[in-house]
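Here's the structure we're looking at; comments come further down.
The values are calculated or read from the model by the stated rules, or taken from the named source; none is laboratory data. Computed from a prediction, not measured in an experiment: that's the story for all the values here. All Cβ positions, even for glycine, are placed from backbone atoms using ideal geometry, and neighbour counts span all protein chains on display.
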Amino acid sequence: MSMVARYKKSGGFVQLLQVMETCGTKKYEQFIGIISTEDPNWAAAIKEKTLTFDKILNWSPETLMEVLAQVNTLAFGSALKGLSDEKLTAFLGKLSPQDRRKIESQLNEANPTPAEISSAVMKVISETRNLLTSSILKADKIDPALAIPENFEEKLSAGNYGKGSSVEVEPADTAVFSAGSNGANAAAVVEIDRLQKKLALLNKEVQALKQENVVMKDKLDKIKRIA
């Protein structure tokens with residue numbers, strides 16, 4: 001079974017999108033190349049609707065406040081460590097003075113490794129995607145290009161996605177991703193399964209961290225009341 005065929009069920013597009021968003025740059029390019037040979041409509045849609053850390057940082061200050069209030073703040077601070085000075089300055093300029101001080105304090109204290117930064121970015125993307133899928137954040141208001149309508153899989157299969165859109169599917173490298181590369185497709189399917197399991201573990205970790213934050217906030221509130 002091809003990669004795309006596995007996700008043509010209802011809700012399958014979002015499932016594939018979540019895997020693509022947290023698989024790393026190299027695997028993303030590999031998978032998008034295979035998907036392009038299987039179904040250009042799906043490839044175009046994935047490219048347009050993939051959530052990235054840069055996209056999140058470019059949202060309005062009001063939306064960023066909602067994200068910061070919902071996602072793991074330690075992960076967000078670690079993810080920011082991977083930004084250039086220019087991008088970091090632009091992001092901090094969108095924050096309120098209070099939130100800016102919090103973030104700057106985290107940045108001064110944190111010293112994550114490149115692997116930890118990469119993991120933190122994936123956590124932020126995963127948590128933010130959950131906010132979008134649960135409609136806590138409204139994609140159509142934040143960035144209409146990220147909105148995923150109902151029965152989206154059917155529309156993609158009908159072949160009418162992207163007409164009039166600026167999204168173009170870049171041809172895959174035929175030396176690596178030919179339409180007849182069954183071996184590459186099979187390997188990609190196995191890797192997708194592995195990444196889905198990894199994503200499930202990541203989501204469990206996110207939920208545990210959220211629960212831990214709730215407990216810590218409750219303890220802090222009690223301490224403040226006593227003081």
TODO: Residue by residue through region 72-104, note down the ones that are closer than 24 Å to ALA115 by Cβ, in a loop (DSSP other than H, G, I, E, B) and modelled with pLDDT of 90 or more.
DONE: LYS81, GLY82, LEU83, SER84
- [ ] Filter region 71-102 for residues that are aliphatic (A, V, I, L, M), more than 23 Å from THR22 (Cβ to Cβ) and surrounded by 17 or more Cβ atoms within 10 Å (Cβ to Cβ) and give the result.
- [x] LEU95
Open item on the list: As an exercise: evaluate GLN30 against (1) under 20 Å from SER134 (Cβ atoms); (2) surrounded by 15 or more Cβ atoms within 10 Å (Cβ to Cβ) and give the number of the one condition it does not meet.
Closed with: (1)
TODO: Would you mind stating whether SER10 is modelled with pLDDT under 95, of a type in the set (Ser, Thr, Tyr) and outside any loop (DSSP other than H, G, I, E, B)?
DONE: no
TODO: Considering only residues that are buried (at least 20 other Cβ atoms within 10 Å of the Cβ) and in contact (Cβ under 8 Å) with a residue 40 or more places away in the chain, look in region 1-16 and name the one that is farthest from LEU146 (Cα to Cα).
DONE: MET3
Open item on the list: Yes or no: region 109-129 includes at least one residue that is in contact (Cβ under 8 Å) with a residue 24 or more places away in the chain, among the acidic types (Asp, Glu) and not in a helix (DSSP H, G or I).
Closed with: no
- [ ] Within region 135-150, count every residue that is assigned to a loop (DSSP other than H, G, I, E, B) and exposed (fewer than 11 other Cβ atoms within 10 Å of the Cβ).
- [x] 3
Task: Yes/no for ALA45 being in a helix (DSSP H, G or I), exposed (fewer than 14 other Cβ atoms within 10 Å of the Cβ) and out of contact with any Gly (no Cβ under 6 Å at 6 or more places or on another chain) - done: no
Task: Filter result for the condition that a residue is surrounded by fewer than 14 Cβ atoms within 10 Å (Cβ to Cβ), hydroxyl-bearing (Ser, Thr, Tyr), under 29 Å from ASN151 (Cβ atoms) and touching a residue at least 40 places away in the same chain (Cβ under 8 Å), over THR37, THR52 - done: THR52
